[in-house]
Amino acid sequence: MFNRKKSVARIVGNWGITFFGPLIGVQLILGPELWQTLLVSAISSSFATGLTMSHELVKYGNSTKTTS
């Protein structure tokens with residue numbers, strides 16, 4: 001069964017992890033400008049969030065019943 005609230009929580013949580021992880025990690029290791037750090041974080045979180053959304057859509061597609 002597909003749970004909408006759980007899927008939204010997974011997508012938002014995954015975005016938070018993939019945005020704030022590089023935001024802190026890149027700043028500590030490389031020390032670039034703030035805009036560069038935000039750019040790296042935004043790019044990495046968009047890829048990971050897209051993958052999570054695709055996975056949730058697959059689960060939704062498998063859970064819905066088709067009528068003929």
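Laboratory data are not the source of any read-out in this text; all were calculated from the coordinates shown. From a predicted model like this one, the values you see are computed outputs, not experimental measurements. Cβ placement follows ideal geometry from the backbone for every residue including glycine, while neighbour counts extend to all protein chains displayed.
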| task | Please build a GNM for the chain, connecting alpha carbons under 10 Å apart, and tell me which residue among Ile43, Ile17, Ile29 fluctuates the most. | result | Ile29
| Roughly what would the spin-label model give for Leu51 and Trp15, points 7 Å off Cα along C-beta, in nm? | 1.8
| Helix 34-63 vs. the chain, principal-axis angle (Cα, 0 to 90°, nearest 10) | 10
| said: Running a GNM on the chain with Cα contacts under 10 Å, which residue among Leu28, Leu39, Leu57 ends up with the highest mean-square fluctuation? | reply: Leu28
| task | For Lys6 and Leu34, calculate 0.36 nm times their separation in residues minus their Cα-Cα distance, and state this gained length in nm to one decimal. | result | 6.8 nm
| request: Could you work out the mean projected area of the convex hull around the alpha carbons of the chain, in square nanometres to one decimal? | output: 5.2
| query | With +1 on each Lys and Arg Cβ and -1 on each Asp and Glu Cβ, how big is the dipole of the chain about its Cα centre, in debye rounded to the nearest 20? | reply | 500
